[in-house]
Every structure is written in C-alpha cells, then in structure tokens.
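Before any comments, here is the structure.
Only the coordinates and a few stated rules stand behind these numbers; no lab work does. Since we're looking at a predicted model, the values are computed, not measured. Note: ideal-geometry Cβ built from the backbone for every residue, glycine included; neighbour counts use all protein chains shown.
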2 protein chains.
Amino acid sequence: MMNKSETKLVALDDLAVGNRYLSREFPLDTAQIKDFARNFDPQPFHLDEFAAAQSFFGGLAASGWHTAAITMRLMVESVPFSEGLIGAGVEISWPCPTRPGDVLRTESTIVGIVPSKSRPGRGIVTLQTDTFNQDGEQVQKLVSKLLAFRRGAK
Amino acid sequence: MMNKSETKLVALDDLAVGNRYLSREFPLDTAQIKDFARNFDPQPFHLDEFAAAQSFFGGLAASGWHTAAITMRLMVESVPFSEGLIGAGVEISWPCPTRPGDVLRTESTIVGIVPSKSRPGRGIVTLQTDTFNQDGEQVQKLVSKLLAFRRGAK
C-alpha cells in the first residue's frame with residue numbers, strides 16, 4: 001500500500017464530481033468486534049454469541065460505529081485530499097449488519113462540490129462512501145460533507 | 001452508576017416525545033485520542049501535536065468518529081430501551097473539535113416516534129443526542145433513527 005506522502009495529493013482545484021476512490025480490503029474478526037464493543041458499544045449482540053443469537057441480529061454483529069470507524073480508516077488511505085479529510089457532518093445508514101469474518105472495502109465518489117462564498121479558498125465536497133462486504137452486500141452508506149482547500153489556502 | 005440490569009428498561013409502549021436521558025461524564029485524554037486515531041483515523045492532526053498545531057485544527061483534536069463512539073458509549077449507559085439501541089441510520093455534525101482533557105457528557109431527547117405500518121410490534125424512535133464538553137460547548141449533534149419494540153414483540 002502506498003504511503004500518503006507518496007500518493008499524489010489533490011486540492012479543491014483538482015476535484016470534480018464523479019471522481020471515484022477505491023480502498024483496499026479490511027478483514028474483520030470476532031476479537032476486533034468484541035474489543036470495539038467493550039470500549040464503545042457494550043451491548044449483548046456485539047459482545048456475546050449466545051445473546052446475539054437470540055437478539056434482533058440473530059448472531060454476533062459489529063457495532064455500526066465500528067463499521068463507520070473502519071470505513072474512515074479506508075477513506076483516509078484511499079481519498080487523497082491535500083489537507084486531509086475534515087468532516088463537517090455526515091449521514092449514515094446501515095442496510096445490513098457487519099459480521100465476524102467479513103472483509104470490508106469502500107467506494108468513495110464525489111457527488112457535489114460547493115465553493116464557499118464567504119471564504120474563497122475553501123469549499124465543501126460531498127463524498128458518498130459505500131462500504132461492502134466480501135459478498136458485495138452494502139453494510140453502510142455514508143454521505144460526508146468535507147472541508148476542502150484550494151492550493152495555497154488553509 | 002447503575003448496571004443496565006438494575007435500570008428500569010422501557011419498551012416502545014412506554015416512550016414519549018420529550019423524554020430526556022442524561023449520561024455520566026467521560027474524561028478524554030491524549031493517549032485515548034491517539035490510540036483511536038492510530039486504529040481508525042490516522043491523520044496528522046489526530047496523532048501529532050506539532051502537525052496538529054499547523055493544521056486547520058490549530059492543535060490536537062479527536063477524530064469526529066471517536067467523539068461519535070464515546071457518545072454511543074454514553075447513550076448505551078443512559079438510554080434504557082428494552083431491546084437495546086439498534087440504529088437504522090444517523091445524521092451527525094461536529095460544530096467544534098473535541099480536545100485532550102475534555103470531559104464529555106450527552107443529553108438525549110426523543111423527538112419523534114413513528115409506529116411501523118407493516119410490522120405492528122415495531123416503531124422508529126428519533127432520538128437527538130447532543131454531546132457537550134466541560135465548558136458547555138456542543139462538540140457533536142447526533143440524530144438517530146432507532147428501532148424499538150413493543151412489549152412482547154421482537
């Protein structure tokens with residue numbers, strides 16, 4: 001995998017609606033799911049196979065926030081904005097659960113660019129990031145409003 | 001803090017718009033911020049004080065996803081839905097950064113309840129969760145669509 005410093009970084013000037021960025025694959029196991037849940041989402045269906053089997057999820061499922069955090073990791077590695085990924089806000093939905101053994105990957109597409117009226121060096125880029133498992137099922141839809149900067153502005 | 005099993009759990013039948021749930025306080029330090037960032041959001045402004053000082057953030061800041069994950073932890077502890085907190089989707093904004101040394105807390109308010117037409121035992125509860133630091137500044141606004149169940153339904 002390329003280091004960020006070796007990747008060609010792009011400024012607001014270089015971005016266009018339709019630009020698309022694909023991530024590597026991220027394998028997820030039971031230990032990671034339980035570890036994240038213990039820290040941030042300690043609910044039985046994220047922590048215990050037996051309780052999960054009897055729950056709405058019908059088996060151990062990752063916290064949606066874990067799926068979101070992994071998605072961010074994959075975005076940081078694959079979306080080469082020059083000043084980084086700085087989110088003002090997001091919308092998320094989780095169409096189906098992430099499970100132990102899943103291998104996740106993301107597809108990020110620029111769906112909108114709005115230059116700032118008050119701050120000429122800045123703009124808001126709307127990026128849609130779909131997260132898929134190894135079977136091509138979409139486990140998350142994320143739409144992010146990201147702050148981006150023209151070359152030389154910050 | 002009460003254990004969840006000692007808390008009075010409430011089903012969809014018991015919920016009403018305007019119900020409000022307050023969390024405990026959650027202290028956040030530099031080590032936690034860098035640890036989360038290394039795993040899920042490895043950008044310089046979340047990992048390195050010097051790089052952060054020169055960035056948009058003007059100093060080390062927690063990943064917004066870390067703020068979101070801590071918020072979930074505090075929601076799990078403070079919002080006593082009988083079948084747990086199962087999110088279908090959320091909207092998030094981050095009005096100001098979370099910093100090392102911040103002590104976070106959440107206020108969750110039910111702003112909408114829509115019974116399912118197709119599944120009579122279920123409904124969608126819209127919960128707004130505001131996350132504040134020790135100075136009363138709002139660091140995150142979260143609006144969650146949560147699946148809730150009537151007593152005896154699942």
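Quick one: with label points 7 Å out along Cα→Cβ, list the inter-copy distances for B:Gly101 in nm, shortest first?
Its label point is 4.9 nm from the equivalent points in the other copies.
Can you work out which chain B residue has the shortest Cβ-to-axis distance for the rotation that carries B onto A, and give it in Å?
Here the value is B:Glu91, 2.
In debye, nearest 20, what is the charge dipole magnitude of region B:12-149 about its Cα centre with +1 on Lys and Arg Cβ and -1 on Asp and Glu Cβ, if you could check?
It comes to approximately 520 debye.
If all Cα-Cα distances of the protein assembly as shown are sorted into 20 Å bins from 0 onward, what percent lands in each bin, rounded to whole numbers?
It works out to 32, 58, 9, 0, in whole percents.
Any idea what the A:Glu137 label distances to the other copies are, label 7 Å down the Cα→Cβ vector, nm, shortest first?
Label-point separations across copies, in nm and ascending: 4.2.
Counting only C-alpha contacts under 8 Å and six or more residues apart, can you give the relative contact order of chain B as a whole percent?
Values: 312 pairs, mean separation 43.2, N = 154.
Reported relative contact order: 28 percent.
Hey, what angle do you get for helix A:30-40 against the long axis of chain A, alpha-carbon based, 0 to 90 degrees rounded to 10?
Taking the Cα atoms of chain A, the angle to A:30-40 is about 70 degrees.
In nm, what does the list of distances from B:Arg119 to its counterparts in the other copies look like, shortest first, when each label sits 7 Å along Cα to Cβ?
Distances between equivalent label points, in nm: 4.2.
Per residue of A:54-62, count partner chain C-beta atoms within 10 Å of its C-beta, then hand back the mean as an integer.
Values: counts 1, 4, 7, 2, 0, 0, 0, 1, 0.
Mean inter-chain Cβ contacts per residue within 10 Å come to 2.
Determine the shielding of peptide A:92-99 by partner chains: average, over its residues, the number of Cβ atoms on other chains within 10 angstrom of each Cβ. Let's see the in-between values first.
Numbers: counts 8, 6, 5, 2, 0, 1, 0, 0.
The shielding value for this peptide is 3.
Of the listed pairs A:Lys8/B:Lys141; A:Lys34/B:Lys117; B:Lys8/B:Lys117; A:Lys8/B:Lys34, which have alpha-carbon separations greater than 31 Å here? Could the numbers behind the result be given before it?
On the way: A:Lys8/B:Lys141 34 Å; A:Lys34/B:Lys117 34 Å; B:Lys8/B:Lys117 28 Å; A:Lys8/B:Lys34 25 Å.
Pairs exceeding the cut-off: A:Lys8/B:Lys141; A:Lys34/B:Lys117.
Find the Cα radius of gyration of region B:12-149, compare it with 2.2 N^0.38 Å by division, and give the number to two decimals.
Numbers: Rg = 16.7 Å, N = 138, 2.2 N^0.38 = 14.3 Å.
That ratio works out to 1.17.
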